[in-house]
Amino acid sequence: MTGLRVVVGHANPDFDAYASTVAGTKLFPGARGVFLGSQNTNVRAFHNLHEEFLDFVDMKQVDPDEIDSVIMVDTRDPDRLAELSAVARRPGVEVIVYDHHPAQQGDIETAEDRSMDVGATTSILVHEIRDRGIGITPLEASVMLLGIHEDTGSLTFPGSTAYDADAAAWLMDNGADLEVLNQYLSRTLEPGQKELLEQLTESLETWNVNGQSVAVGTAEASEYVDSAGVLTHYVVEDLGYRVAIAIVRMPGRVQVVARSRLAEVDVGAVMARLGGGGHRQAASARYREIDTGELLARLRRALEAEVAPPLRARDVMTAPVRSAAPSWTMRKAGELMATWGHGGLPVEEDGRLVGLVTRKDVDKATRHGLDHAPVTGFMSRDMLLVGPDTLLSELESLLGTRGIGRLPVVQDGRVVGIVTRKDVLRAEHGDAYLAGRVASAHPEATGRFRAGVERLLPAEVAEALRRIGREAAQHDTRAYVVGGFVRDMLLGVPNLDIDVVIEGDGISFAQAVGESIGAPVKVHRRFGTAVIAFARDFHVDVASARTEYYTRPGALPTVELSSLRQDLFRRDFTINAMAACLEPGCFGAVSDPFAGLRDLDAGVVRVLHALSFVDDPTRVLRAARFEARYHFAMDASTQGLAQRAAEMGMLAEVSGARVREELVDILDETGPAAALARLAQLGALAPLLPAGADSARLADAVRASDEALVELGHRFAGFSASRRATLLATVAVSGNRRHTLRWLRHLHVGRTQTAVAIELAERGPAIVRALQSLHGLRDSRLYRLLDPLCAETLAVLWARGDALAHERIERFLGELSGVRLAVSGADLIAMGATPGVGFSAILARALDDRLDGLVEGRDAELANLRRLATRAGLVGQRKDRA
């Protein structure tokens, strides 16, 4: 940069904006911080005391025309930069943004955006400082820690993340002085603030907004009072309100300050409707002059537009409900509970609820030898029922005070869902609260996923994902991209195999999207899926969130509609059990209920449960494939489960077609030999191979064939072979050739691959022996030996042969295969021969003589052709003329 680079936060900065400015000067050498002045007494006092020790510049001494780079922190809105607003918009000025607030209309569009959804903007810059190895002083660490603590409520606000805590811990490790926090985050009220607080508490009204309680108070001061925002903090923290809004009127201004402790109440969005801004937990707006009654009316409209209603039974219940019948045996009811991991089942008769049977009831019946008895004798008839509109708070109270484990949700006499303790706790605290694992990925994962989408995908594919998200929002449903695509975006690996899961009717949603964008949709109702053809070579698979169970090992699963979490739980490994939201409000937010991100970063392949390989033994092959592809390793438990599955012969239960698909996927990998060697180590390779195959040597054979393809392709421009056919044929002929055809039929291998394998099985060993023979091999013999073979067979022969065999194959490909006769059947006819079956033999012999160098040039070939034809009796003896 040749001009001036400045770092600036929003006007009237809090400590997060101020600390982010200081951090920006560390990240960008030569950059100068700009302090626009603050109404926050503590920020202003800190700056006045420390300004000369930090890299700030006085704007009065700066010519705005000299600025060619602006680092915006804690805001994306250029209107909040005061006199630097025009500079940030000026063409040619570099703009980089760091912010933790949600994107809003009016945000600058020309910037490089490094924002993240975390508790404090300072955290984002601190992580970058740490990752780049930039040193900081204890003073700098202290001010940055101030910024994080202020905007996260010392890591107690709902928006606080582990990412913020990690940044705070690093700052403490780098000398941050906690006494600075005690001094400048003090909320001791001054006399004027105490008077305003008394007015607020006396005027407080509790509004019911879409079922949520919001405390609203007003106050007025005859002169300016610093930090009116701290008053709202007292209302929330000390008076116990979850959402509070203070309207404070002072000479020349009216301040509206909001705080929220509820995820359903985004006060940043509310204040944005009033012309202000902020984030979900803390926000504000300011007016020069406005009537209090009009402001209250605007506030109510903004709240009604932005506040989400509280969760109800319909939002958290499990549905559809699996139920038992009164006539079922207790054993049957227990088996259903075991299959789905339920602790109890509603009992229904003719579609109506008549009782409830629990796991404890089944255990009791079993202990007494009565598991054959009907459910009706054990079920509870005295049930506590709730309706779909029962509030989550009431559900929690009922489950907590009545000592019951589940509440049937009943509408018009029919069970429409069931709410368990687990459902309530997950709704309040997230998926990982009970599982002991991370519910959602580190906020950094969201940035990684978004970066992957933008960097690795063609623009039209990235836009297709966003379009699906917009359509989902319009249809009031949730859309997620799931599985391997999410894994690879987080790893930075290209992947266009996109699977989308809809929490709802996936087929109907896909059809609606297709109709909206004019794209064809192919429906597979049997599997509950649909494919949207965005372009000829780009398709997206769409499915409803599903769960599944297996009736026996190796069988195809039985599938039922379910939730996103259960859909992810049915997958093979934790690294494939992540989802990313596609809707505009949460695009790229990663859902990680089974700690897949942790395993991804640690390079671990881990199954989701102990019966994973029993349910689907082909997952053993996938585990080895992912290990080889990403250079990962199974954890000890997963490896043990894979070995036991192999020892128990479970792979023998899998159909040949499914084995073929998994085997082909391995062979299609860049380095298939590593995966095959791993399977051999696990004892899982032998069951996949033809009888008599040496599984210990197969990996080397496949590696050699793969290398032969590369070697021959480099040496001979015209050499073209199917890699898949070559490697599959190598596997097919790895053992006793008598069993090759039987194995090919069992796996339903395609015609092309079968032909190569059979050719190798029938002729390969003899050809290799001939190629390696020390006896002389005339060129014509070499040609006849190799010319009938396809390129795939030649590659395998090269892999199996020694140096002499390589030399001979090279001679064939480089010279002999291109030899052509200068004569033809037309010349025989011109000599008077009658066309017939003898022509081909004559021409073949002529080619042999040409290959062996006995003739050269057309005249010599014509004379040789006449000689051969005369000897065969096709033409008469030529007489010399006088």
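Computed from backbone phi with θ = phi - 60° and the Karplus coefficients 6.51, -1.76 and 1.60, the 3J(HN,Hα) list for region 657-670 is 4, 6, 4, 4, 4, 5, 5, 5, 4, 5, 5, 7, 5, 4 Hz; x is used for glycine and proline.
With all distinct Cα pairs included, what does the Kirkwood hydrodynamic radius of region 685-833 come out to in Å, to one decimal, could you say? Numbers along the way, then the final one.
Details: mean 1/r = 0.0606 Å⁻¹.
Hydrodynamic radius (Kirkwood, Cα pairs) of region 685-833 is 16.5 Å.
Computed log10 I(q)/I(0) for region 440-493 at 0.24, 0.26 Å⁻¹: -1.01, -1.10, from the Debye equation with unit scatterers placed on every C-alpha and solvent omitted. Remark: the chain projects, on average over all directions, an area of 54.9 nm² (convex hull of Cα atoms).
Counting only lysines at least 8 places from Lys422 when in the same chain, those with an alpha carbon closer than 22 Å to its own are Lys360.
Identify the GluC sites (Glu not before Pro) of region 809-882 meeting these criteria: DSSP loop state and at most 15 other C-beta atoms within 10 Å of the C-beta. Let's see the in-between values first.
On the way: sites: Glu810, Glu815, Glu856, Glu861; in loops: Glu815, Glu856.
Passing sites in region 809-882 are Glu815, Glu856.
Altogether, the Stokes-Einstein calculation at 4 °C and 1.567 mPa s, with the Kirkwood radius of region 785-836 over Cα pairs as Rh, returns a diffusion coefficient of 97 µm²/s.
Please figure out what share of the DSSP beta bridges in the chain is antiparallel and state it in percent, rounded to the nearest 5. All intermediate terms of the calculation are to be shown ahead of the outcome.
On the way: 62 of 95 bridges.
Antiparallel: roughly 65 percent of the beta bridges in the chain.
Seen from a random direction on average, the alpha-carbon convex hull of region 191-306 projects onto 6.2 square nanometres.
3J(HN,Hα) couplings calculated from phi for region 765-778 with the Karplus curve 6.51 cos²θ - 1.76 cosθ + 1.60 (θ = phi - 60°) are, in sequence order, x, 5, 5, 4, 4, 5, 5, 8, 5, 7, 5, x, 10, 4 Hz; Gly and Pro show x.
Of all DSSP-defined beta bridges confined to region 191-306, some 80% are antiparallel rather than parallel. Rounded to two decimals, the Cα radius of gyration of region 772-882 over 2.2 N^0.38 Å is 1.29. Residue by residue, region 683-693 carries 3J(HN,Hα) couplings of x, 9, 8, 3, x, 8, 9, x, 4, x, 5 Hz when phi is fed to the Karplus relation 6.51 cos²θ - 1.76 cosθ + 1.60 (θ = phi - 60°); x denotes Gly or Pro.
Against the 2.2 N^0.38 Å scaling, with N counting residues, where does region 4-184 land? I'd like the Cα-based Rg ratio to two decimal places. Please report the intermediate quantities before stating the final value.
Details: Rg = 15.0 Å, N = 181, 2.2 N^0.38 = 15.9 Å.
With N residues counted in region 4-184, Rg over 2.2 N^0.38 Å equals 0.95.
Based on the Kirkwood approach, the hydrodynamic radius assigned to region 68-153 is 13.9 Å, with every pair of different Cα atoms included.
The value given for region 313-429 is a Kirkwood hydrodynamic radius of 14.4 Å, derived from the mean inverse Cα-Cα separation.
Within region 443-602, DSSP assigns beta bridges of which about 80% are antiparallel (rounded to the nearest 5).
We did not get these values from a lab; they are worked out from the coordinates using the rules stated. What you are looking at is a predicted structure, and each value in this text was computed from that prediction instead of being measured. When we count neighbours, we look across all protein chains shown, and the Cβ atoms used for this are built from the backbone with ideal geometry, even at glycine.
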